[in-house]
Structure formats: C-alpha cells, structure tokens
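Just below is one structure, and these are the notes that go with it.
The values are calculated or read from the model by the stated rules, or taken from the named source; none is laboratory data. These figures come from a predicted structure and were not determined experimentally. For neighbour counting, all protein chains shown are included, and Cβ atoms are generated from backbone atoms with ideal geometry for every residue, glycine included. Calculation scope for accessible area: heavy atoms of the full protein, side chains included, ligands and nucleic acids excluded. Shrake-Rupley method; radii C 1.70, N 1.55, O 1.52, S 1.80 Å.
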Amino acid sequence: MNGEPPDPAARPKEQRAPLPLLARIEPASGVSLVARVLRHQDPTAPVAVVLPAMGASARFYLPFVRALHKEGLTVVTADQRGHGESVPRVARGVRFGYRELLEEDLPALLETVRRELPDRPVILVGHSLGGQLALLYAATHPADVDAIALVASGSVWYRGFEGPRALRNLVAGQLFAALATAIGYWPGKRFRFGGTEATGVMRDWARQGRTGDYRPRGSTVDYERALRDLTHPVLAVGVAGDRLAPAGSRRHLLAKVPRCALEEWEYTSEAADGKPIDHFRWVRYHAGLCTRLARWVGESVKAGGTSTPDGPGTSTPDEPGTSLTDSPGTNPTDEHRRSTKDE
C-alpha cells in the first residue's frame, strides 16, 4: 500500500449511502462543512467524532462508523476542508493550512457537536493526520473533548523512521511541499500520495516532518507547550504492516503528551480475524479494533462529564495483538500563544 487512500466509490452501493445530516457549518467566510451523524438510540451514548487522514474523505470511514455505532456509540463525521462535501474544493488560489483546520474548522465542528448532542462525552477518533489534529485541538480546547483515540497516527518527523526511509521521507516531504508551492496545490492522485491538498497543508506537513515540531504557518499558538499540558485519556492504536506510521513515528508523537493517561495497543492481523491490514486496510477489516475502542471509551470516560487524569500513565490491555480544561470556544487559550516574529 502507498500513501493514497482507496476510493470509497468502489464499495457496494449499500455501503456508500450517506449518513443523516447533523448540520451544515460555516467556520469562515466562503467555507462550508457538512457534519453527518449516526445516532445511537441511547441519548447518553458517547459521541465519537471521526477525523480523516490526509486525502481521505469522510465516507471512506463508513464501514468503521457503522461498526462503532453497533458497539454503542453515536458517531459524527465531517470532511476536512477541501475534501468530500466541503466547500471550497482545493484549487489554485484556495489557501489554507493547519492553522485554519485547527483554529477555524475544528472549533466550529466541535461547537456544533456540543450544541446538537449535548450532555454526553465527546471522543475524537483520528486517523493518521486526523489523529495529529485531534491531539493538537484537544490540547488547546481541552473542555471541548473528553478523550482522544489515535489510529495509525504518528509524527511525520523524519527521525521517527528507520534506515534509508528516514532520509527518503525528509527529501520527499520537502520536494512535495516545493511542488505544491510551484503548482498552486498538491496533485496527490498523480503522485500517489494523499489527495488533492492545499499548498498550506503540504507546507505545514513538510515543516513538521523536517523539524519535528507543530508550528502551523500564521498561528500564534504554542502547540508544543499545549501538548505538554494535555491530561486527557489517550488510546494509541498502532496497525501491523503500517509503513506510514511505524512505531518510531508513534513514539515521537506520544512523547509530546507526557501527562496524558496513555494506553497503547497494536492492532494485528490476528485481531483482525486474519485479514491483511495496513495504514488504510484496517478501515475495511475493523471488527477487532472497534470492539477494543468501544471498550476503552466505556472504561475511560464517564457519561456526561470530562475525565481528567492526575498525571501520566501507560497501560496495555491483555488483548490479541501486542503493546509496544479551560473554557470551550473557537479560540485557543491565551496561555498557549506565542510570538510569530521568527516565522
């Protein structure tokens, strides 16, 4: 498998039917997002908000979403800006990066979730880049989120990869960002990595790959400090056969949140009923993962309230596989702001 997500249109029609509409959201002028929901019959059921990987549409996760719903969760999906049902689509002249995703889109999405689905725990479930964004958002808006689950999600810092792949990733990342700058957007389908991405997203992604730090262009927020202060429950799921988020990259990401109550779990082919899995295939072969994730939610989050552990902690469940709060709102807390004069 490469870095290009499979096309959900290849699935049978009954598996592609859209979820019911939750709300249409306008986080900024000229920007529209569509939030969809699969409500559990229990009105107090925790809400899982699924955040996609780079280049993946929300509908790609429908099999996973339906399985989580069967496990007892209400599930919300929304495309990242530039993808799926969102407006505008990525093109030359459409400018946004991590700052807009974190400081405009996600605050508007979570505000909608809290308003439309009140008085229940909210868990961010992020895949790959979606997992990185989930941690960054929770770190700066801790009262909006009760827990974070990361699936196949790691830092893209090149030193988190082993051998020749480390240097290859460093060079490729900077080349991809340069090409996106020259072209005006990133034609991911052509290069078989990601989707059609905004230049700003690729430049922020490449910068983190080069430096190891999250410093979105144009942002005044000190995300690295905010991550160190985060104390929420975190489930980090590694996926067997995943070359895009191997153990080293996951360790680098998790080291940024030392105060979180951390649980790590490796989703193996055995836990997936013998099916071949990797960075994207786990979405199709998800049963064992959904069961474990739903159980963790039940153990980690109290209905109707935020769980805030006292300090760091790591545990590993005895499962098939191997282990390896401030005010809500649309603006990050002032204590995490930094100067951008060095940008």
Residue within the stretch 28-50 that is crowded, with 20+ Cβ neighbours inside 10 Å and hydroxyl-bearing (Ser, Thr, Tyr) present: no
Condition check for residue 176: at pLDDT below 95 and in contact with a strand residue (DSSP E or B) (Cβ under 7 Å, 6 or more places away or on another chain): no
Which listed residue, of 291, 316, is modelled with pLDDT of 95 or more and either surrounded by fewer than 18 Cβ atoms within 10 Å (Cβ to Cβ) or in contact with a Cys (Cβ under 6 Å, 6 or more places away or on another chain) (or both): 291
Selection status of residue 118, open to solvent by 10 Å² or more (accessible area, probe 1.4 Å), of a type outside the set (A, V, I, L, M), out of contact with any Ser or Thr (no Cβ under 8 Å at 6 or more places or on another chain) and under 25 Å from residue 194 (Cα atoms): no
Residue in the stretch 170-191 that is charged (D, E, K, R) and over 24 Å from residue 247 (Cβ atoms) present: yes
Evaluation of residue 107 against (1) open to solvent by 10 Å² or more (accessible area, probe 1.4 Å); (2) over 18 Å from residue 40 (Cα atoms); (3) touching a Ser or Thr at 6+ places or on another chain (Cβ under 6 Å) (one fails), failing number: (1)
Some residue of the stretch 213-230 being more than 19 Å from residue 162 (Cβ to Cβ), among the hydroxyl-bearing types (Ser, Thr, Tyr), at pLDDT 95 or above and surrounded by fewer than 19 Cβ atoms within 10 Å (Cβ to Cβ): yes
